[in-house]
Amino acid sequence: MWTNLGKLTDHAKNPDAVALIDCLDFQHPRFYSHGQMDALSDACARGLVKRGLKPGDTVALMGINRAEYLIAYFAIMRAGMIAVPINYKLAAETIELVLKDCAAKLVIADRERTRQVPEGVACVAMEGEGWDALLDPGPFDTVTPPPNGCAMTLYTSGSTGMPKGVQLSHEGQLWAVKKRVSARASFEDERLIVAAPLFHMNALISAKFALAAHASLVLLPQFDARHFIGAIGAFGVTWVTSVPTMMAMVVRETDALAAVDTSTVRYVRMGSAPATHQLYDAVHAAFPNASVAGGYGTTEAGPMVFGPMPGKTMPGGDALGWPLPDVGVRLVDANGAEVNEGELWMRTPANMLGYLNLPEKTRQVLTEDGWYKSGDVFRRDADGCYYFVGRVDDMFNCGGENVYPGEVEKVIERMPEVMQACVVPVADEIKGQKPVAFVVLRDEADLSEQAIKDFVLAHAPAYQHPRRVYFVDTLPLAATNKVDRGLLKRRAAADAARAVPA
């Protein structure tokens, strides 16, 4: 089977079947067959070699989602080089540091992002003459990577400092692809949609799965709820990949949903964050023929950890399921003891090789016997099913009590009027930190700030109740389409500062 993550084409299947629908120009989408994607990736790999690049060299990618991005991504790995998708929304100085850290020999960027490439770093545009000159049509002998050979390096968001380069192997990522493809006999009738950025694991694994399974992929340049809905209707999407905040925006677009046929959608998958019961209900209503499920994965330990278990019924709601075969899971407390609620440690075939150039940080999260310390707090019920509680890093102390924002959010989200909630801390002279909440209500719902405070006081410890509640239309998205907690913290802090008398 596959040995190189960049070569996933199944040549035994119809090469003319649609592989990719690129919606860079939403009114004029571009269609690519599996055969064309394979040939273009070969041509790009030949072009990289022709430029003098060698196996093991690093090639960075910067740009919004488009066909050329994926073609170059697969080509880099086919040629035995290391692909480094970069978050182009990072500050200019951070991008420069990332390019130095990974020792990028070349950057392939869309025209707008070429302006962000530091002087002295070789750059090729993803369009026009630069792209045409890079392609060298013809067959290419895909490089067989060495054992534990690095396929790509994905940089963490960098919200708390310099991003860390997560080195991922061909073997580990191919395990995740094979796991998904082997789930059933054929996926050739499935059409996925991806609007998350291709510098993020969520989007990349969906793209690889679509090509490996000989399915097709609708690729949006970035997330826009109305374009997302329009593409589902226009192209008969059967499989929606997303994060909860994206779907919360989608279900609010009732007019757009009413204008398209959503009955083709058979699967809605919401990864990267927990979702409320209300959001699940709203998604079920919007996509009546779809099974709706959450998911959990990390860049460092792979995109697949939990799932259904034969003979057991998924509890629903925020339940993530049971550990997959080949996946080891432990819940560990601060003293290293195994508990039913604690930090999740994972050992999967997709575990990272380590953080690039950061051996000490690697040792902090990756044990000698291969366990990755996720920094996520989980609980396990009596049936062995796992649930996400919150991030260790998000925990704060209020009057001597530890507060996990995720626990408070779940209480607020039990209120039928609430679609989503995000709890963040603000500084307090007496308590140290205290919780405040940003809340998105369901359409036409009416709820007061005091009602939310009273509900939390009645259903949780008093120290968890939000001292302020801000009602918002949507929760802001970070570059990875997760909730931007940092922005909400800054908004809450600014409001608290204004409230303090001069």
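The values are calculated or read from the model by the stated rules, or taken from the named source; none is laboratory data. Keep in mind the model is a prediction, meaning the values are calculated, not measured. Heads up, the Cβs are rebuilt from the backbone with ideal geometry, glycines too, and the neighbour counts pull from every protein chain shown. Keep in mind that these areas ignore ligands, DNA and RNA; they rest on the heavy atoms of the full protein, side chains included. Shrake-Rupley method; radii C 1.70, N 1.55, O 1.52, S 1.80 Å.
Might you check whether a residue that is open to solvent by 20 Å² or more (accessible area, probe 1.4 Å) and in contact with a Gly (Cβ under 7 Å, 6 or more places away or on another chain) occurs anywhere in region 405-421?
Within region 405-421, one or more residues are open to solvent by 20 Å² or more (accessible area, probe 1.4 Å) and in contact with a Gly (Cβ under 7 Å, 6 or more places away or on another chain).
Restricting to region 294-309, count the residues that are among the β-branched types (V, I, T) and within 13 Å of K373 (Cα to Cα).
Of the residues in that region, 2 qualify.
Residue-wise test of (1) in contact with an Asp or Glu (Cβ under 8 Å, 6 or more places away or on another chain); (2) under 30 Å from R266 (Cβ atoms); (3) surrounded by 20 or more Cβ atoms within 10 Å (Cβ to Cβ).
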{"position": "R115", "(1), (2), (3)": "no, no, no"}
{"position": "D132", "(1), (2), (3)": "no, no, no"}
{"position": "G138", "(1), (2), (3)": "yes, no, no"}
{"position": "Q167", "(1), (2), (3)": "no, no, yes"}
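Pick from region 381-404 the residues that are open to solvent by less than 60 Å² (accessible area, probe 1.4 Å) and among the charged types (D, E, K, R): which of them is nearest to D101 (Cα to Cα)?
This residue is D394.
Step by step: first the residues of region 369-379, then only those that are crowded, with 18+ Cβ neighbours inside 10 Å and not β-branched (V, I, T), then the one that is nearest to P310 (Cα to Cα). Which residue is that?
We begin by selecting, within region 369-379, every residue crowded, with 18+ Cβ neighbours inside 10 Å; these are 371-374, 376-378.
Next, from what is left, pick out any that are not β-branched (V, I, T): 371-374, 376, 378.
Values: W371: 26, Y372: 26, K373: 28, S374: 26, D376: 26, F378: 22 Å.
If we take residues in region 369-379 being crowded, with 18+ Cβ neighbours inside 10 Å and not β-branched (V, I, T), then F378 is nearest to P310 (Cα to Cα).
Can you run down the residue pairs with Cβ atoms below 7 Å, 6 or more apart or on separate chains, where the first is in region 94-119 and within 18 Å of R51 (Cα to Cα) and the partner is in a loop (DSSP other than H, G, I, E, B) and open to solvent by less than 10 Å² (accessible area, probe 1.4 Å)?
I108/M126; A109/G63; A109/M126
I need a count of the residues in region 203-228 that are assigned to a helix (DSSP H, G or I) and closer than 20 Å to V18 by Cα. Steps first, answer last, please.
Of the residues in region 203-228, the ones assigned to a helix (DSSP H, G or I) are 203-212, 225-228.
Still in the running and closer than 20 Å to V18 by Cα: 203-212, 228.
Residues that pass the stated criteria total 11.
When residues of region 30-66 are filtered for being touching a residue at least 12 places away in the same chain (Cβ under 8 Å) and not in a helix (DSSP H, G or I), how many remain?
19
Tell me, please, whether a residue that is acidic (D, E) and touching a Ser or Thr at 6+ places or on another chain (Cβ under 9 Å) can be found in region 42-60.
yes
Taking the condition of being under 13 Å from R485 (Cβ atoms), modelled with pLDDT of 90 or more and in a loop (DSSP other than H, G, I, E, B), how many residues in region 395-438 meet it?
The number of residues fulfilling the criteria is 0.
What is the residue count in region 250-272 for residues that are buried (at least 20 other Cβ atoms within 10 Å of the Cβ), touching a Ser or Thr at 6+ places or on another chain (Cβ under 8 Å) and within 30 Å of P405 (Cα to Cα)?
Qualifying residue count for the region: 5.
Consider region 20-43. How many of its residues are more than 19 Å from T9 (Cβ to Cβ) and out of contact with any helix residue (DSSP H, G or I) (no Cβ under 7 Å at 6 or more places or on another chain)?
Matching residues across region 20-43 total 5.
Could we say that M37 is open to solvent by less than 50 Å² (accessible area, probe 1.4 Å) and closer than 23 Å to C102 by Cα here?
Numbers: open to solvent by less than 50 Å² (accessible area, probe 1.4 Å): yes; closer than 23 Å to C102 by Cα: no.
In short, no.
Considering only region 279-301, I want to know if a residue exists there that is part of a helix (DSSP H, G or I), of a type outside the set (D, E, K, R), at pLDDT 95 or above and surrounded by fewer than 18 Cβ atoms within 10 Å (Cβ to Cβ).
Scanning region 279-301, I find no residue that is part of a helix (DSSP H, G or I), of a type outside the set (D, E, K, R), at pLDDT 95 or above and surrounded by fewer than 18 Cβ atoms within 10 Å (Cβ to Cβ), so the answer is no.
Of the residues A19, A45, only one is out of contact with any Pro (no Cβ under 7 Å at 6 or more places or on another chain), within 27 Å of V98 (Cα to Cα) and either at pLDDT below 95 or crowded, with 22+ Cβ neighbours inside 10 Å (or both); which?
Numbers: A19 fails: within 27 Å of V98 (Cα to Cα).
A45 is the lone residue from the list that is out of contact with any Pro (no Cβ under 7 Å at 6 or more places or on another chain), within 27 Å of V98 (Cα to Cα) and either at pLDDT below 95 or crowded, with 22+ Cβ neighbours inside 10 Å (or both).
In region 426-464, how many are surrounded by 15 or more Cβ atoms within 10 Å (Cβ to Cβ) and touching a residue at least 40 places away in the same chain (Cβ under 8 Å)?
11
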